Amino acid sequence: MSKTLPNHSPKDFSSWKAIEEHQKNIASKNILSHFENEPNRMDYAGLQWEDFYVDISKNRLDKKGFDLLIELAKESELISAIEAQFSGAKINATENRAVLHTALRSLKKEAILVDGKEINPTIEAAQNKMYAFCEEVISGRWKGYSGKSITHIVNIGIGGSDLGPAMVVEALAHYQNHLDIRFVSNVEGDHHVEVLKGLNPETTLFVIVSKTFTTQETLSNANSIRDWFLTQAPEGGIAQHFVAVSTNLEKTQAFGIATENIFPMNDWVGGRFSLWSTVGISICLAVGSQHFKALLQGAGKMDLHFQEAPLEKNIPIVLGLLSIWYNNFWGAETEALIPYTQYLRSLPAYLQQGIMESNGKSVGRNGKRVDFQTGTIIWGASGTNAQHAFFQLIHQGTKLIPADFIGFKKSLNGNEEHQQKLLANFIAQTEALMTGKTKNQVLEELRNTELTEIQKQELAPFKVFEGNKPTNTILIEQLNPENLGALIALYEHKIFVQGVIWNIYSYDQWGVELGKQLANTVLEDIQKGISNPHDPSTLKLLSKI
Ligand code: F6P
C-alpha cells in the first residue's frame with residue numbers, strides 16, 4: 001500500500017492536548033461572554049471570500065481556542081496533504097488510487113499526471129463529448145427511434161451516481177430547460193414503475209450511470225427498464241434511447257450500449273465526488289453546458305481558495321476544525337445542516353453520503369483502530385420547514401448540536417417580501433440559539449397575561465431557552481451554478497481536512513461492501529430456499545418471506 005499521506009496519532013500532538021485543556025477551561029463560558037471579552041471577535045470570526053460570507057463567531061470558542069485549532073491543522077501536516085491530493089498522488093492508498101475530482105474543474109493550466117500519463121486530454125475529451133451530446137438532445141436534433149425529439153430523461157444510478165446529479169438538478173431548477181429529468185435509484189421495483197408512469201418511450205432517454213457497472217440496484221433497474229422499453233419499441237431503438245456513464249467499458253458494451261453512447265469516467269474520481277465528471281450528464285442535460293461549466297468554475301475557484309488561503313482565512317479548513325472541536329472535544333455526535341432555500345432541500349442527503357461514507361472509519365492510516373471519535377453524523381432539512389419540525393430539540397433538548405445555516409441574500413424570482421421573511425428567520429434563529437431566553441425575560445413576557453403569579457412561576461421553566469447553542473452562518477449572494485459549485489466543493493474539502501487530521505483514509509468505502517456481499521447470499525436463499533448458514537433471527541425472518 002502506497003503511503004502518501006502523513007501517518008500520525010493526533011492525540012499525541014501538543015496542540016491536541018492543549019485543546020483538551022483549553023476546552024475544560026472555557027466549557028462553562030457562554031458564547032456571549034466571548035463577544036464581551038473580544039471586542040474584535042468579528043475580525044477573525046467573519047470570513048469573506050468572493051460571494052461568500054462565513055460567520056463563525058456564534059461558537060463556543062474564543063481566539064485562543066481558534067489559534068490552537070489552527071495549530072492542530074499545522075501539526076497534522078494538512079498543507080502538504082492538500083498538495084499531495086491536488087498533485088495526483090495516490091492518497092486513496094487502500095484502493096491504490098489518486099483522488100482527482102478536483103482535476104475535472106481545475107482552473108490551473110499545469111499538467112496533472114497519473115501513472116506518468118497526463119490526464120487533462122482525457123478530461124477534455126470526455127467533457128467535450130458530453131457537451132456535444134447534451135447540445136444535440138437539448139436542441140431537439142437528437143431523435144428517438146420514431147423520429148421525435150427527446151422530452152424526458154431518466155437517470156438510472158445509485159449513491160454518488162444518483163445523489164449528486166439529483167441534488168444539483170433540483171438546486172438549479174431555476175436554470176432548467178424544457179427537459180424533464182427523473183431519477184431511479186432504489187432496487188425496489190415500485191420505484192422505477194412510479195418513475196416510468198406517463199413516460200413515452202419514443203421521447204425518453206435513459207442514462208445509466210454506474211462507475212463500476214456492477215451495482216445490483218442500477219443493473220436491475222436498467223434491465224427492467226430496457227424490458228419495459230422493448231415492450232413498446234424495436235430492439236434497434238436502444239441506441240437512440242440508452243446511454244451510459246462508466247469506467248467499465250467492457251460491461252457497458254455487454255449491456256448493449258453503443259460505443260459512441262458511452263461516456264467514460266476514471267477511477268481517480270470517487271463515486272460521491274463524481275458529479276463534476278460525466279456522471280453529471282443529467283445536470284448538463286437539465287441546464288446546458290454553459291451552466292454546467294459555471295458549476296465547475298465555482299468549484300475550481302473554491303479549490304484555489306482551499307489551496308492558497310492562509311489557514312485562519314481558509315473556509316473549508318476553519319469549518320473542518322470547528323467540526324473537530326465539537327466532535328472530539330465536546331462530545332457532540334451530530335451536526336445539522338439547514339439550507340434556507342427549498343432548492344437545496346436535498347443537500348443534507350447528498351452530504352450524508354459525502355461525509356459519512358468518507359469519514360465513517362475506525363481504522364487509522366497506521367492500520368490500527370483509532371482511539372477517538374471520527375465521522376460526524378449529518379442530518380438536516382430546509383429552513384424554514386425545519387423550524388416547524390426538529391428545531392424544538394436543538395433549542396430546548398439535552399443534546400449539543402452544532403449547526404450550519406446556509407442562506408442566500410437575493411432570491412431568484414425577486415419576491416422581496418418573501419425573501420425578507422426568509423432571511424429574517426435565517427438570522428433570527430442563529431441569534432436565538434445563541435442568546436436564548438432567561439427566566440426573567442419569560443416572566444416579563446407573562447407580566448400582562450391573566451395568569452396568577454404562581455401559574456407564571458410554574459410555567460416559566462418550560463419557556464426558558466438556555467441558549468449558547470453553536471452555529472455557523474454561510475451567507476451567499478445568490479444561488480447560481482457558480483456559487484453552488486463553490487458550496488459543494490467547500491464541503492468536499494471540509495471532509496478531507498477532517499480525514500487528514502483524524503489519520504483516516506477518506507476516499508475508500510469498504511464498509512459498503514459487506515452489505516453487497518450479504519445481499520447476494522440472502523437473495524440466493526430467498527430465490528432457491530434457505531441453504532446458507534445464518535443466525536436464528538435471520539433464519540426466522542427468512543422463513544417469514
Ligand atoms: O455505496 C457504495 C458506492 O460504491 C458509492 O460510493 C457509489 O457512489 C455507489 O456505490 C454507486 O456505485 P456505482 O457508480 O459503481 O454504481
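Read the figures in this text as sums done on the coordinates, not as results from a lab. Everything numeric in this text was worked out from a predicted model, so none of it was measured. When we count neighbours, we look across all protein chains shown, and the Cβ atoms used for this are built from the backbone with ideal geometry, even at glycine.
Using a cut-off of 27 Å between Cα atoms, the listed pairs LYS439/LYS469; LYS129/LYS410; LYS108/LYS409; LYS148/LYS251; LYS293/LYS361; LYS63/LYS439 include LYS129/LYS410; LYS108/LYS409; LYS148/LYS251; LYS293/LYS361; LYS63/LYS439 as exceeding that distance. For LYS143, the aspartates and glutamates whose Cα falls under 18 Å of its own Cα, not counting residues fewer than eight places away in the same chain, are GLU135, ASP180, GLU202, GLU235, GLU260. Distances between placed amide hydrogens fall under 5 Å for ALA403 paired with ALA336, THR471, ASN472, all partners being 5 or more residues away or on another chain.
Could you work out the Rg to Rh ratio of the stretch 120-265, with Rh taken as the Kirkwood radius (inverse of the mean 1/r over all Cα pairs)?
Numbers: Rg = 14.4 Å, Rh = 15.5 Å.
That ratio is 0.93, to two decimals.
Amide H to amide H, with H built 1.01 Å from N, GLU477 comes under 5 Å of LYS409, counting only residues 5 or more places away or on other chains. Note on the stretch 460-479 and the stretch 483-503: Cα centroid distance 23 Å, given to the nearest whole angstrom.
For ASN155, nonlocal amide neighbours, meaning residues 5 or more places apart or on other chains whose placed amide H falls under 5 Å from its own, are ARG182, PHE183, VAL184, VAL207. Within a straight-line Cα-Cα reach of under 17 Å, LYS301 can be paired with the following aspartates and glutamates, leaving aside sequence neighbours fewer than 8 residues apart in one chain: GLU50, ASP51, GLU83, GLU110, GLU477, GLU482, GLU492.
If packing is taken as the mean number of other Cβ atoms within 10 Å per residue, what is the order of 272-283, 187-198, highest first?
Values: 272-283: 27.0, 187-198: 13.8.
Result, highest mean Cβ count within 10 Å first: 272-283, 187-198.
Across the stretch 472-478, coupling constants 3J(HN,Hα) worked out from phi with the 6.51/-1.76/1.60 Karplus curve, θ = phi - 60°, read 10, 10, 10, 9, 10, 3, 7 Hz, and Gly and Pro carry x.
Order of 334-341, 224-231 by packing, highest average Cβ count within 10 Å first? Numbers along the way, then the final one.
Numbers: 334-341: 22.6, 224-231: 15.8.
Final packing ranking: 334-341, 224-231.
Karplus-based coupling profile of the stretch 516-529, in residue order and whole Hz: 5, 5, 5, 4, 5, 5, 5, 4, 4, 5, 5, 7, 10, x, with θ = phi - 60° in 6.51 cos²θ - 1.76 cosθ + 1.60 and x standing for Gly or Pro.
Extents of the stretch 472-545, taken as max minus min of Cα coordinates on every principal axis and listed largest first, are 58, 31, 20 Å.
Give me the percent of DSSP beta bridges within the chain that run antiparallel, rounded to the nearest 5.
Values: 14 of 45 bridges.
For the chain, the DSSP antiparallel bridge percentage is about 30.
Order these by the 10 Å Cβ neighbour count, fewest first: CYS284, CYS134. Display every interim value, and only then the final one.
Working: CYS284 26, CYS134 23.
Result, fewest neighbours first: CYS134, CYS284.
Where in the stretch 361-403 does the amide nitrogen come within less than 11 Å of the point 7 Å from the Cα of GLU20, taken along Cα to Cβ? It comes to 372, nothing else.
What does the charge dipole of the chain about its Cα centre add up to, to the nearest 20 debye, if the Cβ of each Lys and Arg holds +1 and the Cβ of each Asp and Glu holds -1? Mind dumping the intermediate values first?
Values: 50 positive and 60 negative charges, 70 e Å.
Dipole magnitude for the chain comes out near 340 debye.
Per-residue ellipticity at 222 nm, computed for the chain from helices alone with -39500 (n - 2.57) per DSSP H run of at least four residues, works out to -14000 deg cm²/dmol. By the Stokes-Einstein formula, at 1.306 mPa s and 10 °C, the stretch 181-247 with its Kirkwood radius over alpha-carbon pairs has D equal to 129 µm²/s. Taking θ as phi - 60° and the Karplus parameters 6.51, -1.76 and 1.60, the scalar couplings of the stretch 409-423 work out to 4, 9, 7, 8, 10, x, 8, 4, 4, 5, 4, 5, 5, 4, 5 Hz in sequence order, x denoting glycine and proline. Net length available on complete extension from SER87 to ASP43 is 12.5 nm, with 0.36 nm assigned per residue and the Cα-Cα distance removed.
Taking all Cα pairs closer than 8 Å and separated by 6 or more residues, the relative contact order of the stretch 360-433 comes to 23 percent.
Normalised by residue number, the volume inside the convex hull of the Cα atoms of the chain is 201 Å³ per residue.
Which order results if LEU322, LEU107 are arranged by neighbouring Cβ count within 10 Å, fewest first?
Numbers: LEU322 23, LEU107 11.
Exposure proxy ranking, most exposed first: LEU107, LEU322.
For LYS368, which lysines qualify as cross-link partners when the Cα separation must be under 29 Å and same-chain residues fewer than eight apart are set aside? Correct list for LYS368: LYS3, LYS11, LYS17, LYS24, LYS74, LYS90, LYS494, LYS516.
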